[in-house]
Each structure stands twice: as structure tokens, then as C-alpha cells.
1. Among the residues of the stretch 297-311, are any farther than 24 Å from Leu415 by Cβ and not hydroxyl-bearing (Ser, Thr, Tyr)?
2. Quick check, is Gly96 open to solvent by 40 Å² or more (accessible area, probe 1.4 Å) and either closer than 19 Å to Tyr453 by Cβ or in a loop (DSSP other than H, G, I, E, B) (or both)?
3. What are the residues in the stretch 336-365 that are open to solvent by less than 40 Å² (accessible area, probe 1.4 Å) and among the β-branched types (Val, Ile, Thr), if any?
4. State which residue is surrounded by the most Cβ atoms within 10 Å (Cβ to Cβ) when the search covers only the stretch 396-433 and only residues that are assigned to a loop (DSSP other than H, G, I, E, B) and basic (Lys, Arg).
5. Go through the stretch 330-353 and give me each residue that's among the small types (Gly, Ala, Ser) and assigned to a loop (DSSP other than H, G, I, E, B).
6. Run Leu157 past the list (1) closer than 18 Å to Lys100 by Cα; (2) of a type in the set (A, V, I, L, M, F, W, C); (3) part of a strand (DSSP E or B) and report the number of the one that doesn't hold.
7. Which of the residues belonging to the stretch 70-86 are within 20 Å of Pro36 (Cα to Cα) and surrounded by 21 or more Cβ atoms within 10 Å (Cβ to Cβ)?
8. Would you pick out the residues in the stretch 269-290 that are within 20 Å of Gly198 (Cβ to Cβ) and open to solvent by 10 Å² or more (accessible area, probe 1.4 Å)?
Amino acid sequence: VAKADPSLPIVIDPILQATYLGGSGYDNAYTLAIHPQTGEVYVAGYTKSTDFPGIIDGAQEECDNWIINLTCYDVFVARLNKDLTQILQSTYLGGGGNDKAEALAIHPKTGEVYVAGDTSSKNFPKTAGGAQAILGGRYYDHDAFVARLNKELTQILQSTYLGGSSFDSASALAIHPTTGEVYVAGVTSSENFPKTIGGAQANKSGDADVFVARLSSDLTKILQSTYLGGNQWDEASSLAIHPHTGEIYVAGYTRSSNFPKTTGGAQTVHRGELENAFVARLNQGLTRILQSTYLGGSGNDEANALAIHPKTGEVYVVGDTSSKNFPKTAGSAQARFGGGDYDSFVARLNKELTKILQSTYLGGSGDDGANALVIHPKTGEVYVAGYTRSSNFPKTAGGAQANKSGGSNAFVARLNKELTKIIQSTYLGGSGNDNAHALAIHPQTGEIYVAGYTTSTNFPKTACGAQTNCNKCIASEYSGSGDAFVARLSADLSAGNGSSSGGSGGGGTCGHPMSGSKSPKVSLPFVAARRIRKRRNP
């Protein structure tokens, strides 16, 4: 602490800062990214609040939907300082229908902000001149959308619809580090999804298929799209671009017994009761499926997030599973199913998707689900976030919040890259219901940022945050209202030399927060994780 200002108190607390984020309606954060140049924190999701904070001077200052339906249902995008003590700018994004964001990425060269999700709005803003200017589906059906904003969130530079005549929704977004092209993945039930001719799979096969689309960086052209799926329902949750090969990886879940290109994969056969996770690998042009694999046991398994290890190039997947025989858990950090109906899982595959190198369960005696994943670019350690109902979630002793506080809490866990050891876990939440949907590592400080949803009126460490009070929280296990939250933790997730207990609501004197241990300095262009809507999540 030698460089600390001696006139200010030192606060030693591993939960460095948290903040509520929302208005008088329901607000939920689904995705999070750190700007590679400014270090500022961007969060997106959707809001039913007509008084969302920080909107003045934003790209869209008013919620468009409420005029028709007497309620707001728009995307929000918010920009905070890295300390989470100021909302620098927010904006609504949407038209007269329902609009929701599920993915967010920062362009590594231009610094512009890209958001993807789904919309039923015929008047979604700034689609004129876009790759698809008009809503493809009927009014009660949704199209996927992609929007591009300036980094200040004061201008919508370009938007585009993305979809056919039925339902389409985007759940994942990535920007190619070399070409700057925009890749989007999600689910479609449209027989006429745009630009699939010449793609790896030109025609829809089942009730709904995964789609993957490649757009120009200015969003004025769909360069190529492809379906991806078999004879049942297939849905993508996550997308990543391999840092060494430039190939495209997609993960999600499938009910299809004939998912394409699983022959030669790590798991060639669908084993699930209804759903298995899948991972697929495509070439950069989306004209070939190079390899796919199922991933799961005899229960139900869903992959919710995907990341590529920056050093080894190996593929990591997280999600939730009810399978007591999830593959390759022997010798792992947690070899056996913990309990409840679902456990989180973490799996590690070779880059070719021909071998499952290691898997592990991650959970206690209640229900647990992993929604987000990020790999530390310096240490190579694996961070996972989600929700837990378990009062005995593994390895929380010594964590930033050692004990569960509510009906469900968010969790963050840190594992070694081999997945043979849980280094540290922590609960994160108050006396209500809390769920972590997104996770990122700050490129300058190495600190861990988490975003999600809370109904806790006493979410920890919100004192001195950008928004200190929850505007619509109800401290109960289930409620129809709540706020988004963003939290910032030390990289080791541990209690350090201080202490932190759940449900504290922050407290103490506001000053320069200092973690109990040094966070490693890191350098990376962009790290973010996203999360699809979850049927089983609270």
C-alpha cells in the first residue's frame, strides 16, 4: 500500500466494488465487455424501466416500446468507469416491439460497440442501409439484430435485422481479430434465413437449427450464413474465434441424433435423455463444417459458454448437466455429480474436437448452472460464473463471500487450466435471488468483472457504487422484478487480509479500494463472455 493516498482510508476487501444498474421496472444484464483502449466497462441486456439511469444524451434517450404497450421492453447498453463508481453513459436500443440484447463485443481496431439479440420491432433504429433493412418475420415473430454504436454510446452508427420469415434470435457475437468481420450465432426456425446458399449447410434440417452468419464490419453486407443442425431442435449459445487458426467455434445444445459432422469427433453419438451439448468447428468463410462433437451423458446437458485458451489453443466449454455419467470426469477437480437436479460442468477439448481431454462437475447438493467462462491470458487459469442453490458449493472457504446468503446466489470459481483443481470459489449475492450471466477480465488490472441479475436489496459492496440502491428489488427467492448488477472482484477471488460476508450491502468508508493481494497485470485485446436465456436458470 506504499502508493496509497495517506489522507484516505484503505479498504481491504476482495469484492472491490459492486453496483446496481436499473430503473423502476425489471432490468437484467446478459453480457459484459471491457473496452481494450479505455478500460471502461460495457454492459447490455434488456429493461422494462422507462427511467433507466444515465440515458440523457445517449444514442436513444427514450424507450420506444412503452408508448404502445404501456411498458418498456427495450435493449439497454451502459458504459461505466472501471471502478464501477460512475455510469458514464447509457442508451436504450429498440423500436415499438420487444427488444433484447444477449451479446456484446468491442471492435479491437475501431473501439466501436457491437450488440446482438432479438427484436420484434418493425422500426428498429438505424436499419436503413443495413445488410437487411426490413424485419423478416411476422410481428409476433422475432428477428435477430446486430447494432453498431460509437464507443461513447451517443450514436447508433448502423443496425441490421438478420432473419427469415419465422423466429430468429442471436445469442452470440464475436469480431474476427484479423479481418474485423462480425460473426453472429443463434437459433432460427426460418426456412429462408438469408445468404445460406454456398454455406456449410445450405438448408434447415429440423424444427429449429443453429445459424452462424458473417457480416462486414460496417453491417451493410451479409457475407455468408449457414444453418447448423440435425432433425430436431438445435440452438447455439456461444461463439469464439480461434486465436491461432481463425476458425469459428460454436457451442450450444442439440436434440438431434444426426447433428452434422460428428463422425470422428470426441463423442460421436447423442446420449442424452433429451438434450446433449455440442461443439462445432467451421472454417473462417463458413463454407465447411470441419468437425463437430456431442458432449454429455445420459441426462440433459447444455453448453452455455465457450472459450479458446490463448496459449494452448484448447477449447473450453461450460454449462449445466443432469447426467451422472458426464464424460471424462475421472481425475478432475470434482469427479462426481454434486446433487440436486443439475450441476455445472466444465470441459476441455483439443482444438480439433476429436478428444475430450478433461471434464469436471462443479456444484454442491443443490442446483447449480454455469453461464459464463473466461480464461486468464497470463496465468491460463479458468474462471466460471453462474448461479447456485447449494449451501456447500465447493471451495468457497476463504473466498470473497464464503457463505450462501439467499435462495440462489451467483458464484465465481477459479480452476487450473487442466481442470484438476478448484483453486478458489466464492458466492456473490444477498438475501434475494442472484444470477451471474457474464464474466470478463480487465486488460490492465487483471480484476474480475461479473454482471447479471439480482432481487437482493442487500447485494454486497454496493455502497459507493454507481447506483447504490436497487430500484425494483424484492428480497425473496422468486420475484418478478429486479435490477441488473455489475461487480468487480480481485483476481484470486479470496478473502485476502480482510473479510466479506454475504448480504452486507457494502458498508464501510468509501475510499480507494485495495485488494488483499496484487492482481496480475495482463495484456489482451478483448475478453468477454455472454449467456443465452436459460429455461432452468432462476
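The values are calculated or read from the model by the stated rules, or taken from the named source; none is laboratory data. Since this is a predicted model, take the numbers as computed values, not measurements. Positions of Cβ are backbone-derived with ideal geometry, glycine not excepted, and every protein chain shown enters the neighbour counts. These accessible areas exclude ligands, DNA and RNA; they are computed on the full protein's heavy atoms, side chains included. Shrake-Rupley method; radii C 1.70, N 1.55, O 1.52, S 1.80 Å.
1. First pass over the stretch 297-311, keeping only residues farther than 24 Å from Leu415 by Cβ: 298.
Okay, now just the ones that are also not hydroxyl-bearing (Ser, Thr, Tyr), so none.
No, that holds for no residue.
2. Numbers: open to solvent by 40 Å² or more (accessible area, probe 1.4 Å): no; either closer than 19 Å to Tyr453 by Cβ or in a loop (DSSP other than H, G, I, E, B) (or both): yes.
No: the conditions fail for Gly96.
3. Hits for the stretch 336-365 are Val346, Ile356, Thr360.
4. By that ranking, first place goes to Lys404.
5. Step one: of the stretch 330-353, the residues among the small types (Gly, Ala, Ser) are 330-333, 335, 338-340, 344, 347.
Passing the criteria: Ala330, Gly331, Ser332, Ala333, Ala335, Gly338, Gly339, Gly340.
6. In the conditions (1) closer than 18 Å to Lys100 by Cα; (2) of a type in the set (A, V, I, L, M, F, W, C); (3) part of a strand (DSSP E or B), Leu157 misses (1) alone.
7. Within the stretch 70-86, Val77, Ala78, Arg79, Leu80, Leu84 qualify.
8. Kept after step one, since they are within 20 Å of Gly198 (Cβ to Cβ), are these residues of the stretch 269-290: 280-290.
Matches in the stretch 269-290: Arg281, Asn283, Gln284, Gly285, Thr287, Arg288, Ile289, Leu290.
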